[in-house]
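Engineer: Below you will find the structure I want to go over with you.
The values are calculated or read from the model by the stated rules, or taken from the named source; none is laboratory data. What you are looking at is a predicted structure, and each value in this text was computed from that prediction instead of being measured. Reconstructed Cβ throughout: ideal geometry from the backbone, glycine too, with neighbour counts over all protein chains shown. Note: accessible area is taken over every heavy atom of the protein model, side chains too, but ligands, DNA and RNA are not part of it. Shrake-Rupley method; radii C 1.70, N 1.55, O 1.52, S 1.80 Å.
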2 protein chains.
Amino acid sequence: MDRLSLNQITTKSWSLPEAVRGCAESGVGWIALWRDKVAEVGVDEAARLVAEHGLRVSSLCRGGFFTGVQPDGSAVDGLAQTREAIDEAARLGAEVLVLVVGGVAGGDLAASRRAVADAVDALVPQALDRGVRLGLEPLHPMQCAERSVLSTVDQALTLAEPYPAEAVGVVVDEFHVWWDPRIEESIAKAAGRIAGFHVCDQLVPLTDTLLGRALPGDGPIDHRHLKACVDAAGYTGPIEVEVFNAELWSRPGGEVLAETIAAYRDHVA
Amino acid sequence: MDRLSLNQITTKSWSLPEAVRGCAESGVGWIALWRDKVAEVGVDEAARLVAEHGLRVSSLCRGGFFTGVQPDGSAVDGLAQTREAIDEAARLGAEVLVLVVGGVAGGDLAASRRAVADAVDALVPQALDRGVRLGLEPLHPMQCAERSVLSTVDQALTLAEPYPAEAVGVVVDEFHVWWDPRIEESIAKAAGRIAGFHVCDQLVPLTDTLLGRALPGDGPIDHRHLKACVDAAGYTGPIEVEVFNAELWSRPGGEVLAETIAAYRDHVA
C-alpha cells in the first residue's frame, strides 16, 4: 500500500484540500495533483497543505500540447505553459511533470512529431535546473489526432534517449498501452527511464475515447502482469490510480477513494 | 482509377445487386463483398452478378472471431464460420478473405492471442487448397478488447511469417494503423505479404470507436504518404475505400459512390 498514489482526477468532485485530507485520513501517502485544482488554492497553499498532511507528490498533471493546438482545435502556446508548469512542479515538490504532447496540427503527423521533439529539447535545461523530471506519457492511439502524437512506450523511449534519465522519463499508463503487442519488451527497455506507473481499467464496450475508463478490475487489463513488468524494469516509485469516468466523478470523493484503495489492493498490489 | 475498389460497407444502403450495378456504371472495376449482403442473394447469384458486370472481387469480409466471443459478448465458433467463409470466397472468386481475429476472451490477452495463432495455423491448409489468401487485418487498438487482439502490422507479420505468403497476408487499413510510429518500417517489412490496402479517414473529434470514419480527405490521415509506402513495398493490387459512417450510410448509394470516387481521385490516387 505504500506505493499507492491518488491521482486527484479520480476524485474529481473533491477540491485539493479535500483530496489531501482524504489521502491522509485513509493512509494514502502519495498524491498526483492537477494544475487546475492547484490554481484554485494557489501553489504555495497547495504545497503547504501537502506538507502539513505528510504527503508526497508523485506527479503534477500536466504540461505539453507542443503542437500548438488543443483538443477543441483552439491555439495554445504549449511550450510557455509547460515552462510555467515545470516551475510549479518544483514549488510543489512534484518529482515528475506529466506531459501530454499534443495532437496532429495542420494535418501533418510527421511535422507534429518534430514539434514535440523540439519542445522536449528546449525544456531539458530548465527541467534539470529545477530538478523536475519530464514524464513523457504515450496516450492511446485513439487520442493521436486530438491529444498526443506520442502513442507507444517504444516511441517515448526514442524521444527520451538523447537526454539524461533524470531529465526525461517515460510514464507507463496501462489504459494507453495495455493493448501493445510490444509492451513487455518496451517496458524492459525502459529500465531507468520509468517516471511513473498509472493504473486503471478500460470499459467494455468502449463508448467514450476519453472517459471510457474504470477502476482496476473492471476491464480486460492484466494489472499484476504489467506491474510485474514495471517492477522487473526496476521501477520502485509510486503507482497512481488515475481514472477518467463520469459516473465515478459524480460521486462523493470519500466513497471513490475507498473503492480506489480496495481496487488497488485487490487487483494491483 | 483502375485500382479503386468499392468496399460495399461504404454504400451500406445498397444491396449487392445495386452495388455491383453501381460500380459497373461508374467504371469501378473492383468490389469488396460482405457476407451478409452476399447471403441476401445467395453465393451463386452473387458470383453471377459480379461476373456479368465484369467486376473483380478484391476481398470478402469477413472471417475471424477466433477467440470465441463477438463484440456483444455472445459466443461464436469463429473457426467454423471462417471455414465456410473460405469456401464462399473461393466460389466468389475473391482473392482475399479478410480476418477480424476477435477480442479479448476471459480477460486473458495472451491466451486470446494464442487462440488466434492456433486458428490461423488450422486454416492454412484449406486456404491453400481453395486458393484463397487469408488477410490478417490489424484493427485499431481501441478495438482490442472487443474485436481484435491483432493491433499492428508488425504483429500481423509475426503471425503470418511461418506460412507461405500466398496463404497468409496482411491487410493494411489506414484507419487502423495511421497513428503507428513504426508504420513505415512495418509496411516495408510487409513486402510480399500485403493482401490489401484499405483507405478512409478518421473523424476529429473521434466520438465513435467503430463509426468514427470518413471519406479520404476529411481527417488527419496522409493517404498519399501511406500509399507511397505500400507501393514501395511492391503492392500493386486493388485499393478499397471502406468507410463506416452513419451519415454516409443514410444516403443513397449512388451519391456515396460518386463521392467515394472523387475522394479517391483527389486524396489517394
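Engineer: State all residues of region A:126-155 that are within 11 Å of chain B (Cβ to nearest Cβ), open to solvent by 10 Å² or more (accessible area, probe 1.4 Å) and out of contact with any strand residue (DSSP E or B) (no Cβ under 7 Å at 6 or more places or on another chain); if no residue qualifies, say none.
Structural biologist: A:Glu146, A:Thr152, A:Asp154, A:Gln155
Engineer: Right, next: Which one is farthest from the other protein chains (Cβ to nearest Cβ) among residues in region A:107-125 that are under 13 Å from A:Ala80 (Cα atoms) and surrounded by 16 or more Cβ atoms within 10 Å (Cβ to Cβ)?
Structural biologist: A:Leu123
Engineer: Just one of B:Val243, B:Val204 is crowded, with 17+ Cβ neighbours inside 10 Å, part of a loop (DSSP other than H, G, I, E, B) and away from chain A (no Cβ under 14 Å); which is it?
Structural biologist: Details: B:Val204 fails: away from chain A (no Cβ under 14 Å).
Answer to the check: B:Val243.
Engineer: While we're on this one: Which of the residues spanning region A:213-223 are facing another protein chain (nearest Cβ under 9 Å) and either open to solvent by less than 10 Å² (accessible area, probe 1.4 Å) or touching a residue at least 24 places away in the same chain (Cβ under 8 Å) (or both)?
Structural biologist: Of everything in region A:213-223, those that are facing another protein chain (nearest Cβ under 9 Å) and either open to solvent by less than 10 Å² (accessible area, probe 1.4 Å) or touching a residue at least 24 places away in the same chain (Cβ under 8 Å) (or both) turn out to be A:Pro220, A:Ile221, A:Asp222.
Engineer: To continue, here is another question. In this structure, is A:Arg62 open to solvent by 30 Å² or more (accessible area, probe 1.4 Å), within 24 Å of A:Ile221 (Cβ to Cβ) and more than 10 Å from every other protein chain (Cβ to nearest Cβ)?
Structural biologist: Working: open to solvent by 30 Å² or more (accessible area, probe 1.4 Å): yes; within 24 Å of A:Ile221 (Cβ to Cβ): yes; more than 10 Å from every other protein chain (Cβ to nearest Cβ): yes.
In short, yes.
Engineer: Here are the criteria: (1) of a type in the set (A, V, I, L, M); (2) open to solvent by 10 Å² or more (accessible area, probe 1.4 Å); (3) more than 14 Å from chain A (Cβ to nearest Cβ). Tell me which single one B:Val199 does not satisfy.
Structural biologist: (2)
Engineer: Could you give me the residue pairs with C-beta distances under 6 Å whose first residue belongs to region A:73-85 and is open to solvent by less than 60 Å² (accessible area, probe 1.4 Å), whose second residue is polar (S, T, N, Q) wherever it lies, and which are 6+ apart or on separate chains?
Structural biologist: A:Val76/A:Gln70
Engineer: Still on this structure, I have one more. Go through (1) in contact (Cβ under 8 Å) with a residue 40 or more places away in the chain; (2) surrounded by fewer than 21 Cβ atoms within 10 Å (Cβ to Cβ); (3) more than 10 Å from chain A (Cβ to nearest Cβ); (4) assigned to a loop (DSSP other than H, G, I, E, B) and name the single condition B:Leu210 misses.
Structural biologist: (3)
Engineer: Within region A:156-165, can you find the residues that are open to solvent by 10 Å² or more (accessible area, probe 1.4 Å), touching a Leu at 6+ places or on another chain (Cβ under 9 Å) and either facing another protein chain (nearest Cβ under 10 Å) or not aliphatic (A, V, I, L, M) (or both)?
Structural biologist: A:Leu159, A:Tyr163, A:Pro164
Engineer: How many residues does region B:166-192 hold that are more than 20 Å from A:Cys144 (Cβ to Cβ) and surrounded by fewer than 22 Cβ atoms within 10 Å (Cβ to Cβ)?
Structural biologist: 6
Engineer: Restricting to region A:224-240, give me the number of residues that are open to solvent by less than 30 Å² (accessible area, probe 1.4 Å) and within 17 Å of A:Asp2 (Cα to Cα).
Structural biologist: Count: 6.
Engineer: Across region B:86-129, what is the total count of residues that are touching a residue at least 12 places away in the same chain (Cβ under 8 Å) and within 23 Å of A:Pro220 (Cβ to Cβ)?
Structural biologist: Adding up the residues that qualify gives 16.
Engineer: I'd like to check something: does region B:94-101 contain any residue that is closer than 14 Å to B:Phe66 by Cβ, in contact with a Pro (Cβ under 8 Å, 6 or more places away or on another chain) and open to solvent by less than 50 Å² (accessible area, probe 1.4 Å)?
Structural biologist: No: region B:94-101 contains no residue that is closer than 14 Å to B:Phe66 by Cβ, in contact with a Pro (Cβ under 8 Å, 6 or more places away or on another chain) and open to solvent by less than 50 Å² (accessible area, probe 1.4 Å).
Engineer: Let me ask something else about it. What are the pairs, 6+ residues apart or on separate chains, where a residue within region B:5-21 that is assigned to a helix (DSSP H, G or I) has its Cβ under 8 Å from a residue that is crowded, with 18+ Cβ neighbours inside 10 Å and of a type in the set (Val, Ile, Thr)?
Structural biologist: Once the first residue is assigned to a helix (DSSP H, G or I) and sits in region B:5-21, its partners that are crowded, with 18+ Cβ neighbours inside 10 Å and of a type in the set (Val, Ile, Thr) give B:Leu16/B:Val38; B:Glu18/B:Thr11; B:Ala19/B:Thr11; B:Ala19/B:Ile31; B:Val20/B:Ile31; B:Val20/B:Val50.
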